[in-house]
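The values are calculated or read from the model by the stated rules, or taken from the named source; none is laboratory data. Small disclaimer: the values here were computed from a predicted structure and weren't measured. Using ideal geometry, Cβ is built from the backbone for each residue, glycine included, and neighbour counts are taken over all protein chains shown.
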Amino acid sequence: MADHKKHGPLAGTRIVEFAGIGPGPFASMILSDLGAEVVRVDRPSDGPPERGAVMTRGRNRVTADLKNPEQREAVLRLLDHADALIDVYRPGVLERLGLGPDVVHARNPKLIYGRMTGWGQTGPLALTAGHDINYIAITGALQAIGPKDRPVPPLNLVGDYGGALYLIVGLLSGIIAARQGITHQVVDAAMCDSAASMMAVFSDLMAIGQWQCQRESNFLDGAAPYYRPYECADGEHFSIGSMEPQFYKLLCEKTGFNATEEERTNPANWPLLSTKLEAIFRTKTRAEWSALLEGTDVCAAPVLSLAEAPDHPHLAARQSFITRHGIPQPAPAPRFSATPAPVPRDSVETTLADQIAAWS
């Protein structure tokens with residue numbers, strides 16, 4: 001039996017990841033970070049194997065030509081011992097290769113068949129190519145982000161990596177259900193579905209008349225003077241989130257900003273108040289504003305680059321980043337008191353035969 005305390009909360013859970021980009025590797029990284037045994041099945045390549053990548057850490061890696069009957073049968077033998085698989089192909093690809101749910105479940109009915117796509121397994125766009133920006137575009141998420149004149153892609157955090165988190169929820173929920181006797185489970189994790197789900201709070205706000213569909217018109221999208229970043233004297237930026245009256249009052253006290261609570265709550269005043277605060281924040285550097293405001297109930301923090309983030313005192317104290325082979329990278333998250341996650345290891349190349357033997 002796995003030592004969950006030593007190896008993390010998912011110790012003893014076995015997952016096969018079919019290699020891909022974006023959400024598949026990210027989901028696998030998190031599952032591996034939390035102690036699952038994840039085996040990544042790479043396609044044959046003429047180039048050198050990928051090494052040292054953050055997103056592929058913690059896995060055993062095997063190479064298999066899925067069009068080769070013998071190698072395909074070996075992958076099936078590996079899946080015989082797995083709790084879940086991650087399919088990152090377009091709908092129907094693994095079926096054509098002889099690795100679809102019917103085939104896999106006939107051998108291992110308890111396996112959770114996790115399918116990670118942009119458009120999902122059904123619908124008129126299911127077989128169409130797309131990327132994160134497209135999946136979030138149809139859900140209302142992309143339209144809501146950015147300045148008034150144009151929407152701005154929020155990196156690929158909402159579609160790709162938000163979608164990966166929904167895949168993880170689906171896989172772990174399926175594994176729990178399998179332990180209760182529910183079998184032949186297929187999880188259809190579509191990035192468009194997950195992006196739509198993440199917009200739930202804004203659907204709620206719109207329903208009660210507190211959200212407009214025009215960008216920079218709402219209290220969370222950069223329009224409100226008390227919830228936005230400001231440029232500092234050195235060209236860097238500093239973020240303010242003084243949404244509650246008591247926090248806003250403290251912001252005014254510490255910055256010398258003179259605006260009443262009544263003025264703050266009227267959106268008609270926001271452009272003028274923002275202009276005044278812009279002038280105030282340009283009087284000091286980011287470091288000076290950090291010294292004055294950070295760590296207070298103003299709800300304030302410097303806007304850091306990815307290169308700067310690991311050195312922030314709070315993140316450094318919590319060890320939110322680790323460094324491996326000279327590469328700073330995020331530490332496993334979330335944290336568990338009784339079953340702490342293991343320190344991530346490098347990916348290890350092995351053979352299908354050796355991996356099957358290890359799991360048999």
Enumerated strands (runs of 3 or more DSSP E) restricted to the range 242-348, each holding at least 2 residues that are surrounded by 12 or more Cβ atoms within 10 Å (Cβ to Cβ) and hydrophobic (A, V, I, L, M, F, W, C)
300-302, 321-324
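Yes/no matrix, rows are residues, columns are (1) more than 29 Å from Ala137 (Cβ to Cβ); (2) touching a helix residue (DSSP H, G or I) at 6+ places or on another chain (Cβ under 8 Å):
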{"site": "Ala64", "(1), (2)": "yes, yes"}
{"site": "Asn68", "(1), (2)": "yes, no"}
{"site": "Ala74", "(1), (2)": "yes, yes"}
{"site": "Arg77", "(1), (2)": "yes, yes"}
{"site": "Ile86", "(1), (2)": "no, yes"}
{"site": "Tyr89", "(1), (2)": "no, no"}
{"site": "Asn108", "(1), (2)": "yes, yes"}
{"site": "Tyr113", "(1), (2)": "no, yes"}
Considering (1) in a helix (DSSP H, G or I); (2) at pLDDT below 95, say which one Ile136 fails and leave the rest.
(2)
Tally, over the range 129-156, of residues that are loosely packed, with under 15 Cβ neighbours inside 10 Å and either of a type in the set (Gly, Ala, Ser) or more than 24 Å from Val88 (Cα to Cα) (or both):
7
Does Leu171 satisfy the condition of being modelled with pLDDT of 95 or more and either within 15 Å of Asp188 (Cβ to Cβ) or of a type in the set (D, E, K, R) (or both)?
yes
Which listed residue, of Leu293, Leu306, is of a type in the set (A, V, I, L, M, F, W, C) and out of contact with any helix residue (DSSP H, G or I) (no Cβ under 9 Å at 6 or more places or on another chain)
Leu306
Taking the range 147-159 and keeping only residues that are closer than 28 Å to Pro271 by Cα and either assigned to a helix (DSSP H, G or I) or touching an Asp or Glu at 6+ places or on another chain (Cβ under 8 Å) (or both), one is left with Pro147, Lys148, Pro153
If you check Leu220, Leu250, Leu167, Leu155, which single one turns out to be among the hydrophobic types (A, V, I, L, M, F, W, C) and assigned by TED's automatic domain parsing to the domain that holds Lys276?
Leu250
If Asp188 satisfies all but one of (1) touching a residue at least 40 places away in the same chain (Cβ under 8 Å); (2) crowded, with 19+ Cβ neighbours inside 10 Å; (3) assigned by TED's automatic domain parsing to the domain that holds Asp83, what's the number of the condition it fails?
(2)
